[in-house]
Amino acid sequence: MADIVSTLPDAILCHILSFLETKQSVATTILSKRWKYLWRSVPVLDLGRSAVTDQNAYIRFIHFVYSVLLFRDPALPIQKFKLIFGYHIHQIVRPYYPMDTITKWVDFVVQRRVEYIDLHVDLHVGTEYLPKLPISILTCNTLVVLKLVCFNVVELFSPVALPSLKTLHLDNIMFPELRDFMLFLVGCPILEDLSTFDVAFDSEESLTCDEWKSFCLTNLTTADIDCYCNHFPLKAVHNVSSLRLQIDQENCRNDFIHTFHNLTKLDLFCSSLHYNWKMVIEVLKHCPKLQKLHLNEVELEEGLWTRNDDNENWVDPDFVPQCLSLHLRTCYISSFFGLHGTELMLAKYILKNAKVLQTMNIWNSGQPEIKQQLSSSPVASATCKLTVYYVP
Amino acid sequence: MAQEASSSTSSKTISLKTGDGEIFEIEASAAKQMKTVQRLIDDLGDDITIPLHNVFSKELPKIIEYYKKDITGEITKDFEAEFVKDLNDDEVKVLFLAANYLDANKLFEFLSQNIADRLESKSVEYVRKYFGVENDFTPEEESKLREERAWSFRGIKEDE
């Protein structure tokens, strides 16, 4: 066995090393003479989670990274650059300011035709001050996957151009205006997978420009959008087949929900099904081909929501959403507070009208009588299987 | 043991013969995912039994199981976790070498990741044993290298 493995060519051993963090792949230099320089041909710079607690540790770390960059095979491109870097802003003083160094590394890998960047710089000072995003990323024409956490995108002087980008995940990113975020998306014409969480703008401004009214990411198939914190123009993602959405009634402005012609799978998160049932119905009306629906109640803002059993009364919608009549096969409901008033009516409404429903699963706390109540209400689909799970 | 041939007339099955003489059936669409097999089919035709000298009856069924799931689009993270759960390090190596020989890209990538996962944070001796590597450095050479790349060796445990 050992003999066979040792006949594997260098390229295959390097391929395995490319799945390890750089720290460990460099360590293989001492395995044997054959392995001494193999790490230099690994096209990946994965610095993993590097947290430094003082200036000395930081200096050792940057010394290591610079030596890897210098000694690696210069003819090889760098395919992947990953760094999750944490430090307290007061621990490291100029001239060793980390963002200056990290920006240089990013510029270096962009020049070496990088395809995958995963970058997270945590300054441990909350969101008042986010590090500046290295702008060379925004015009990297080889980039296919971009994942960014905790950055401030400053005023852009030249257009964003990411012609190869297929996957974009943004978490805790600040833009000057919503318009700058739209310009970012315009620069990603072949985007297939978009995820936004806590994307904020220095100035709140509604989209009034006509040029944005028809903007759509036409190649997008999957989106995970957080509308709860900030306005997001859902029209831009209306071509997707799979959507995860965090949203509340308050976030919905006029003409907010567009028709999602290709949507077959929807994961909807809201703070309370009781108060948002009208929005849920509106959403269902705009997803004509929906096959799989998951409704989740989550505590989006701590302490915000208090149960108030008045005011919200169920009213049967004026017409049955097309997806219920023709396509919905699976429905999951995860209820934080239990199904009482309108959300119970919603579950019953779905059961009553979903003609091809195969599976209805409900997760809720308490309420042993729920299963009985739902089992005894009318069900459109003879093959529907109803399961109720109790979450303590 | 030979697996049951597909009963559907629309999907063709290919016969594969392992290095130790056993015959297995695989759907033509799954065989396509293994470039070496496809090349042999192109050269020899799809009616004869394709010989695979370097793959044996212990590992071929597992590979066929993987690609059966692949052609129906059912490969999920859960399936992959289950697939390698009971395999020991040597068994994974054997599968990996077979996937390399068969030029079966998807399985090859998945097993590369799995091998890396098994080696993560392990000691230098452990990695040497895994790859069957003889240490041909002198103690002086080794300690010099450790010093040059000191940051790499911080926090990595060594075997006793």
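Quick look at the numbers
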| read-out | value |
| --- | --- |
| Helices (runs of 4 or more DSSP H) contained entirely in the range B:50-160, each with at least 3 residues that are within 12 Å of chain A (Cβ to nearest Cβ) and touching a residue at least 24 places away in the same chain (Cβ under 8 Å) | B:89-102, B:105-119, B:124-131 |
| Test for A:LEU138: is it buried (at least 19 other Cβ atoms within 10 Å of the Cβ) and assigned to a helix (DSSP H, G or I) | yes |
| Contacts under 6 angstrom Cβ, first residue in the range A:170-186 being without any contact (Cβ under 8 Å) to a residue 40 or more places away in the chain, partner assigned to a helix (DSSP H, G or I) and surrounded by 18 or more Cβ atoms within 10 Å (Cβ to Cβ), 6 or more apart | A:PHE175/A:PHE181 |
| Residues within the range A:349-392 that are over 13 Å from A:CYS331 (Cα atoms) and touching a Phe, Trp or Tyr at 6+ places or on another chain (Cβ under 6 Å), tallied | 2 |
| Any hit, the range B:16-23, residues being at positive phi, modelled with pLDDT under 90 and in a loop (DSSP other than H, G, I, E, B) | no |
| Filtered residue count, the range A:116-158, keeping only those that are closer than 19 Å to A:ASP100 by Cα and of a type in the set (Phe, Trp, Tyr) | 2 |
| Members of the range A:246-277 that are closer than 24 Å to A:SER365 by Cβ and out of contact with any Asp or Glu (no Cβ under 7 Å at 6 or more places or on another chain) | A:ILE247, A:ASP248, A:GLN249, A:LEU266, A:ASP267, A:LEU268, A:PHE269 |
| Meets criteria (within 25 Å of A:PHE260 (Cβ to Cβ), within 32 Å of the chain's Cα centre (by Cα) and either modelled with pLDDT under 85 or surrounded by fewer than 20 Cβ atoms within 10 Å (Cβ to Cβ) (or both)) for A:THR387 | no |
| Scope the range A:123-167; condition charged (D, E, K, R), modelled with pLDDT under 90 and under 17 Å from A:ASP198 (Cα atoms); matching residues | A:GLU128 |
| Any hit, the range B:41-54, residues being under 18 Å from the mean Cα position of the chain (by Cα) and surrounded by fewer than 18 Cβ atoms within 10 Å (Cβ to Cβ) | yes |
| Selection from the range A:63-78 of residues that are of a type outside the set (D, E, K, R) and crowded, with 17+ Cβ neighbours inside 10 Å | A:PHE64, A:VAL65, A:VAL68, A:ILE78 |
| Filter pass, B:PHE79 being among the aromatic types (Phe, Trp, Tyr), modelled with pLDDT of 90 or more and in contact with a strand residue (DSSP E or B) (Cβ under 7 Å, 6 or more places away or on another chain) | no |
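The values are calculated or read from the model by the stated rules, or taken from the named source; none is laboratory data. A quick note: this is a predicted structure, and the numbers were derived from the prediction, not measured. No Cβ is skipped: glycine too gets one built from the backbone with ideal geometry, and neighbour counts run over all protein chains shown.
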